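Heads up: the structure comes next, in structure tokens.
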Amino acid sequence: MHRTPSFAEDSVPARTSRGYRGAMIETMLRPWRQASTWWGLVYTLVGILVGAVTFSVTFSLLVTTVSLLIVFPLAIPVAWLLFFLARALGRLERSRASALLGVEIADPHEQLEGSWWSKLMKAARTKSRWREIGYLIALLPVAALAFSATLVAWCGSAALAALPTYVWALPGNAAKFGLFEVSSGVGLAIVTLMGLVGLVVIAPWVTVGVAATETSLARRLLGPPPGEELSRKVRQLEVSRTAAVDSAEAERRRIERDLHDGAQQRLVSLAMDLGQAAEKFDTDLDTAKELVVGAHQEAKAALSDLRGLVRGIHPAILEDRGLDPALSAVVARSPVPVTLKVDVSERPAPAIESTAYFVVAEALTNVAKHAQATKAAVTIARQGDRLVVEVTDDGIGCADPATGTGLRGLSERVAAVGGWMTVLSPSGGPTTVMVELPCGS
């Protein structure tokens, strides 16, 4: 039976068609609503100036180095300057991509160690450094092409859109496009419409595409290759795992040592005193009472040692109330006056919180034992997804993680949770222990 479609059913295709047209228009105009389009435009316009600097510096140093290889000793300082400036300019470019495009490019270079000659040879054999030099040289021609394409898209479209306002001032009162000549009428309207389309649709998308191309080149030459990045992360995880195992083993040895030298010795003494008291009860009651009193004191001392040991493993106040109250207790026990400032609006993960606590506790222990300081300061603040810990004292300085087990143990504990630690301790002081710990967003 034939049925006449209702008005609602008949309007569905029309609504669908309007929806497709709306989605298509929204897609075409999307760059106008994205801040990244305009930051990309700034990146492209600035790129040609930066490229001129990087090309001039890098290319001239590279050519000079190659030219002086015949007299090798003269090439060494120029080569050193080449790698040094390329490293600085590479950092500048990664920072520019981050600031203007929001693109984070990881630093692909490993830390160079050893003598200056060893560092130079390692730099010369590192592929990532030569990729960086290649990028700094290629940046000028690439930036020039990007600048030209962007300029033509915007200025050319604007010139066509505004043609009716100045066509009368052109020679012959007409605009010539190769074999075509436009002066008025339909031709002028079509050219104007083309200019408006270019200005509204084509030029923004050209800007987006050019910025994406420049970003891709920067990622490929300034950052680590995908396989290398994965390998580096694996190495970092291996180092972190090793540090965690070493830290746990050191903690186990500390607990074993504290039990053996503290509570265990006191409990042995307690047992001996009680045994002697039991023997004296029938013959010498006064001596037996003295032995029991001594055993009581040993029992209280053993309990105090055990409480300290438990507090050293994981203080209950830290778990219950957080870093500020827990560290206030640590500061109160310090023989050196300590100023404490904790600015942590949101508590980090328990492992991070525990690490920060023990960093401060161990650092203050080192201050009391070795620094000969008259005051110290502890500052803890959460900055985004990082927890920053700083311990400073006005002592004699010369603290070195390589020569002491305390700071080395702290470094291993920090590395085990993916953080980093640095110690600034010149001779004569002051000493600053700085730690950054990842704590999520």
Please list, short to long, the whole-number percent of alpha-carbon pairs of segment 101-155 in consecutive 5 angstrom bins beginning at zero. 4, 15, 14, 17, 15, 11, 9, 6, 4, 3, 1
Using a simple spin-label model with points 7 Å from Cα along the Cα→Cβ vector, what separation in nm is obtained for L179 and D284? 12.9
Hey, rough spin-label estimate for I190 and T64, points 7 angstrom out along Cα→Cβ, what's it come to in nanometres? 5.8
Per q in 0.17 Å⁻¹, report the Debye log10 I(q)/I(0) for segment 50-147, using one uniform scatterer on each alpha carbon and no solvent. -0.79
Could you pull the Rg and Dmax for segment 323-400, using just the Cα atoms, both in Å? 12.5, 36
Per the Debye formula with a single identical scatterer at each Cα and no solvent contribution, what log10 I(q)/I(0) holds for segment 42-101 at q = 0.16, 0.21 Å⁻¹? -0.56, -0.79
Long-range amide H partners of K375, meaning residues 5 or more apart or on another chain whose placed amide H is closer than 5 Å, are D394
Tell me, Kirkwood radius of segment 94-224 from alpha-carbon pair distances, in Å? 18.3
Assuming R0 = 22 Å, what is the FRET efficiency of A88 and W420, from their Cβ-Cβ distance, to the nearest 0.05? 0.55
Long-range amide H partners of L387, meaning residues 5 or more apart or on another chain whose placed amide H is closer than 5 Å, are L437, C439
Would any residue of segment 33-54 have its amide N under 12 Å from a label point 7 Å out along Cα→Cβ of S98? List them or say none. none
Here P(r) for segment 185-226, Cα-Cα distances in 10 Å bins, as whole percents, is 27, 27, 21, 15, 8, 2
Efficiency of FRET between T213 and A377 - r from beta-carbon atoms, R0 35 angstrom, step 0.05: 0.10
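Stretched out fully, how many nm does the piece from V234 to V197 gain, at 0.36 nm a residue minus the Cα gap?
8.3 nm
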Viscosity 1.567 mPa s, temperature 4 °C: what is the translational diffusion coefficient of segment 360-441 from Stokes-Einstein with a Kirkwood Rh over Cα pairs, rounded to a whole number of µm²/s? 101
Using a Förster distance of 60 Å, the FRET efficiency for R252-V71 (Cβ separation, nearest 0.05): 0.50
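Read-outs throughout are calculated quantities, based only on the coordinates presented, and are distinct from any laboratory measurement. What you see is a predicted model; the values in this text were computed from it and never measured. Using ideal geometry, Cβ is built from the backbone for each residue, glycine included, and neighbour counts are taken over all protein chains shown.
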